[in-house]
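The structure appears below as structure tokens.
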Amino acid sequence: MNNNPNTEQSFFAPGRVNLIGDHTDYNGGLVLPVALSMGTYLTISQRDDQLCRFSSDNDQAVFELDEAGMSQHHHCWVDYPLGVIKEFTDRGYHFQGYNFHFRGNMPIGAALSSSASIEMVTALALNSLNNKPFTLLDLVKMAQHAENSFVGMNCGIMDQFAAGFGKDGHAIALDCNTLEYEYVPLASEDFRFVICNSKKKRGLVDSAYNQRRQECEEALRILQKLVPIEHLCQLNTKQFDELSSQVTEQFSDTVLRRARHTISENERVKEAVHALRNHDMSRFGQLMNASHASLRDDYEVSCPELDFLVEQAQQFEGVLGSRMTGAGFGGCTVTLIAEKQIESFIKELGEKYKERFGQEMEGYVS
Ligand code: GLA
């Protein structure tokens, strides 16, 4: 690859929190993520040999890999940059040796997209070192493809898009079908979004996630016999109820509920964007609560820790709404709360959580 020899260069890509719209992105729906100030920094420098060295402040393991080693899976964080490097080499970019040092200041595996931030920071660095042949949107797609094909997590585009296109003080209302997007100002003076990290490790998330995707694809196949749609989110709930009632025998209860979540969640995002634009934070909060219930009951991606945090939060003074965020099975919740209540909220919720689960909770104000 071309580069500026021997100089060390630094890059950054953020994590994200999704305010509403989970498990809609791979169904051609809407999402509303916000990029965080937390994320991943990468310092990269050229080497005199053909090896690539990967190190991280978060892990003692160091990987020094030749070309063969770089095409193998190592089943840990290094697969994220390796997948992105492969995206470049697949497009004809010959690889020279580099030192990659990653430094993250965000919780890992907490549903705040640390993986997408590693992928995007690698993509931004390699693009820059090669005189920027790719657009930002190309890089987002390459990072998503790296995760799908190299890491084996069949994710949608939300996380990489938020890491690439995030803007200070704004949420991104993204249509994952057309990739059209709008920035929506997080305008409220009095309310903030608080992230609570359950620290519940997200075991088996990849396989359960991929299974949810398959269930949505099954629902789509059934519905496509009745209407010419390409994605579940092209339907609204009324249309879905009408169509599904014509073919009830073809739907298992599980597949029906998966589709119902996806389609109703998409409508909630649409309404939430409208509420945010109109400073109707109270409606926004109600939609967050409904979103959590749907993710818990219809999509079945919550867990006792997240349900506890959400239920406690929803009863707290000054809270307008609360929900799990991201893929689920652990990780974080996001809560819309009056600014003046934040301190006592994090303290009291943390105490209750510790008492119930014997685990510290961490709170971050976005
Ligand atoms: C993960 C995936 C995203 C999205 C969310 C759920 O974060 O990477 O593409 O599907 O789960 O909304």
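So here's what we get for this one:
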{"quantity": "Members of the stretch 151-174 found to be within 14 Å of the ligand (Cβ to nearest atom), surrounded by fewer than 18 Cβ atoms within 10 Å (Cβ to Cβ) and more than 13 Å from the chain's Cα centre (by Cα), listed by number", "calculated": "G152"}
{"quantity": "Qualifying residue in the stretch 74-87 (condition: within 16 Å of the ligand (Cβ to nearest atom), under 22 Å from the mean Cα position of the chain (by Cα), in contact (Cβ under 8 Å) with a residue 60 or more places away in the chain and closer than 30 Å to A272 by Cα)", "calculated": "no"}
{"quantity": "Matching option when the condition is within 27 Å of R212 (Cα to Cα), away from the ligand (no atom under 16 Å from the Cβ) and open to solvent by less than 20 Å² (accessible area, probe 1.4 Å), among L349, L309", "calculated": "L309"}
{"quantity": "Residues (touching a helix residue (DSSP H, G or I) at 6+ places or on another chain (Cβ under 9 Å) and either modelled with pLDDT under 95 or surrounded by fewer than 21 Cβ atoms within 10 Å (Cβ to Cβ) (or both)) located in the stretch 99-110", "calculated": "G104, M106, P107, I108, G109"}
{"quantity": "Wholly enclosed strands (runs of 3 or more DSSP E) of the stretch 1-91 bearing at least 2 residues open to solvent by less than 10 Å² (accessible area, probe 1.4 Å) and either of a type in the set (S, T, Y) or over 28 Å from C216 (Cα atoms) (or both)", "calculated": "33-46, 52-56"}
{"quantity": "The stretch 352-366, residues that are open to solvent by less than 60 Å² (accessible area, probe 1.4 Å) and assigned to a helix (DSSP H, G or I)", "calculated": "Y353, F357"}
{"quantity": "Any hit, the stretch 128-150, residues being within 11 Å of the ligand (Cβ to nearest atom) and open to solvent by 20 Å² or more (accessible area, probe 1.4 Å)", "calculated": "yes"}
{"quantity": "Conditions (1) modelled with pLDDT under 95; (2) open to solvent by 10 Å² or more (accessible area, probe 1.4 Å); (3) within 16 Å of the ligand (Cβ to nearest atom); number of the one not met by Y181", "calculated": "(1)"}
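The values are calculated or read from the model by the stated rules, or taken from the named source; none is laboratory data. Keep in mind it's a predicted model, so treat the numbers as computed, not measured. Cβ sites come from the backbone with ideal geometry, for glycine too, and all protein chains shown count toward neighbours. Please note that ligands, DNA and RNA were not included when accessible areas were found on the heavy atoms of the full protein model with its side chains. Shrake-Rupley method; radii C 1.70, N 1.55, O 1.52, S 1.80 Å.
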